[in-house]
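Presented below is the structure to which this report refers.
The values are calculated or read from the model by the stated rules, or taken from the named source; none is laboratory data. Treat the numbers as computed from the prediction; the structure is a model and nothing was measured. We place every Cβ from the backbone using ideal geometry, glycine too, and count neighbours over all the protein chains shown.
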Amino acid sequence: MTIPADEKPGARIGVSVALEGRAYDIHIGRHLLCEAAGLIGDLAPGAKVALVTDGTVAALHAPALEASLHQAGIASTRMVIPPGEASKSFGQLAALCDELLAAKIERNDIVVALGGGVVGDLTGFAAAILRRGVRFVQIPTSLLAQVDSSVGGKTGINSSHGKNLIGAFHQPALVIADTALLDTLSEREFKAGYAEVVKYGLIDDPGFFDWCEANWSRIIAGGPERDHAVAVACRAKAAIVARDEREEGDRALLNLGHTFAHALERLTGYDSRRLVHGEAVAIGLALAFRFSQRLGLCPGQDAVRVARHLDAVGLPSRLRQVPGGTGSADEIVAAMAQDKKVKRGVLTFILARGIGRSFIAPGVAAEEVRAFVADELAAG
């Protein structure tokens with residue numbers, strides 16, 4: 001697999017999400033933030049903009065976007081939420097909605113989410129319910145958000161019962177993925193986002209997984225390989241979303257590794273000092289392949305290869321790597337019981353017959369999962 005000739009260094013890459021009546025474009029490339037005002041102005045001439053961001057991103061990127069909007073004659077209001085997973089709460093949702101209403105944001109205006117997955121999920125949900133739906137634009141500032149949460153219209157907040165259990169499908173009107181913004185991420189945050197990149201190769205594109213094995217360091221370095229990786233991931237997700245917008249079929253494949261991951265996040269109290277989402281996904285991917293191997297579905301060498309790649313990148317692949325531990329096998333399985341893919345109390349997993357050969361496996365027995373997790377814990 002090579003980078004296509006039309007993806008020239010520095011050029012903008014376009015990806016379309018083909019939803020009937022609600023299609024939208026994803027723009028990918030370096031230094032696109034300065035073009036955001038023009039893209040938003042074309043989308044909604046005369047609209048006001050509510051810019052929602054968090055305290056960390058506000059200091060880094062909000063002034064440049066606001067200056068661009070001002071120069072284009074677009075009125076904007078900034079709204080800042082606290083950084084971190086704790087902001088995906090009822091309280092923060094209510095506060096944001098009140099602030100949007102106080103700013104007199106109307107249905108013809110635009111709400112812009114400038115930030116990572118937390119900002120995008122919360123802002124998208126607020127946009128979905130404000131005045132029964134206003135348009136919003138995603139400007140993701142983390143790798144994880146650029147390749148996953150900003151595309152596809154899943155919005156929501158967390159509950160004490162689990163992650164993302166309260167929300168709505170509300171598609172953005174536009175996604176602007178400025179890959180230069182990723183230069184400001186910490187090494188840990190960037191690598192955590194990489195787990196969502198390599199996931200697309202593990203689902204159904206073994207050639208992309210091969211390419212990732214050879215080029216992951218260049219993706220981190222920020223050359224054309226980074227833009228290409230974001231584009232491949234966005235194209236893959238856009239194709240799946242176009243086929244199955246509301247996760248009634250194969251969109252569930254995008255949750256490869258996530259049943260394990262969400263349980264681990266819940267058990268660590270969504271404490272980013274211990275575990276961030278992408279790290280949980282990395283462990284979940286390795287567990288999904290080892291569990292598939294245990295069930296006789298996946299060759300052992302593929303499970304080993306997945307874990308070795310994650311290890312090489314510097315991502316965790318074992319339960320023992322979660323600081324402070326994960327709890328018992330019973331606690332992990334109990335946390336899985338609130339997963340959105342549970343149907344009538346029965347667990348559904350995304351398993352694999354090999355790299356690039358993932359599939360939806362409904363009706364996995366909880367006892368099999370418990371025995372597997374117990375062995376993983378015992379392995380240390």
Problem set entry | Residues of segment 230-289 satisfying the condition of being over 15 Å from the mean Cα position of the chain (by Cα), over 19 Å from Lys163 (Cβ atoms) and surrounded by 24 or more Cβ atoms within 10 Å (Cβ to Cβ) | Ala286, Phe289
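Filter segment 60-83 down to residues that are of a type in the set (Gly, Ala, Ser) and touching a strand residue (DSSP E or B) at 6+ places or on another chain (Cβ under 8 Å) and give me whichever is surrounded by the fewest Cβ atoms within 10 Å (Cβ to Cβ).
It comes out as Ala75.
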Exercise. In this structure, does Ile28 turn out to be within 21 Å of the chain's Cα centre (by Cα), at pLDDT 95 or above, in the same structural domain as Gly84 (by TED's automatic domain parsing) and surrounded by 16 or more Cβ atoms within 10 Å (Cβ to Cβ)?
Worked result: yes
Exercise. So which residues in segment 38-59 are surrounded by 15 or more Cβ atoms within 10 Å (Cβ to Cβ), in contact with a strand residue (DSSP E or B) (Cβ under 9 Å, 6 or more places away or on another chain) and assigned to a helix (DSSP H, G or I)?
Worked result: Leu39, Ile40, Leu43, Thr56, Val57, Ala58
Exercise. Could we say that Ile105 is over 15 Å from the mean Cα position of the chain (by Cα), part of a loop (DSSP other than H, G, I, E, B) and at pLDDT 95 or above here?
Worked result: yes
Exercise. Within the group Ala337, Ala312, Ala352, Ala366, which residue is among the hydrophobic types (A, V, I, L, M, F, W, C), more than 25 Å from Asn158 (Cα to Cα) and surrounded by fewer than 17 Cβ atoms within 10 Å (Cβ to Cβ)?
Worked result: Ala312
Exercise. So which residues in segment 155-199 are β-branched (Val, Ile, Thr) and buried (at least 19 other Cβ atoms within 10 Å of the Cβ)?
Worked result: Thr155, Ile157, Val175, Ile176, Thr179, Val197, Val198
For this session: Filter segment 268-285 for residues that are at positive phi and either acidic (Asp, Glu) or free of Cβ contacts under 8 Å to residues at least 60 places away in the same chain (or both) and give the result.
Result: Gly269
For this session: Hey, can you tell me all the residues within segment 90-116 that are surrounded by fewer than 18 Cβ atoms within 10 Å (Cβ to Cβ) and under 21 Å from His161 (Cα atoms)?
Result: Phe90, Gly91, Gln92, Ala94
Problem set entry | Residues satisfying the stated conditions in segment 360-380, i.e. over 17 Å from Ala261 (Cβ atoms) and either in the same structural domain as Ile240 (by TED's automatic domain parsing) or among the acidic types (Asp, Glu) (or both) | Glu367, Glu368, Asp375
Exercise. Do we have any residue at all in segment 276-296 that's part of a helix (DSSP H, G or I), at pLDDT below 95 and over 26 Å from Val17 (Cβ atoms)?
Worked result: no
For this session: Please specify each residue of segment 109-139 satisfying the condition of being in contact with a strand residue (DSSP E or B) (Cβ under 6 Å, 6 or more places away or on another chain) and under 20 Å from Ala86 (Cβ atoms).
Result: Ala113, Leu114, Gly115, Val119, Gly120, Asp121, Thr123, Gly124, Phe125
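Limited to segment 128-149, what total is found for residues that are of a type in the set (S, T, N, Q), part of a loop (DSSP other than H, G, I, E, B) and free of Cβ contacts under 8 Å to residues at least 60 places away in the same chain?
1
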Exercise. Do we find that Gly14 is farther than 30 Å from Ala102 by Cα, surrounded by fewer than 13 Cβ atoms within 10 Å (Cβ to Cβ) and in contact (Cβ under 8 Å) with a residue 12 or more places away in the chain in this structure?
Worked result: yes
For this session: From (1) within 20 Å of the chain's Cα centre (by Cα); (2) farther than 18 Å from Glu213 by Cβ; (3) touching a residue at least 60 places away in the same chain (Cβ under 8 Å), pick out the condition that doesn't hold for Arg294.
Result: (1)
For this session: Considering each of Val80, Val49, Val17, Val111 in turn, give the residue that is over 21 Å from the mean Cα position of the chain (by Cα) and either β-branched (Val, Ile, Thr) or outside the structural domain of Asp210 (by TED's automatic domain parsing) (or both).
Result: Val49
Exercise. Are any residues in segment 212-229 surrounded by fewer than 22 Cβ atoms within 10 Å (Cβ to Cβ) and either part of a helix (DSSP H, G or I) or free of Cβ contacts under 8 Å to residues at least 24 places away in the same chain (or both), and if so, which ones?
Worked result: Glu213, Ala214, Asn215, Trp216, Ser217, Arg218, Ile220, Ala221, Pro224, Glu225
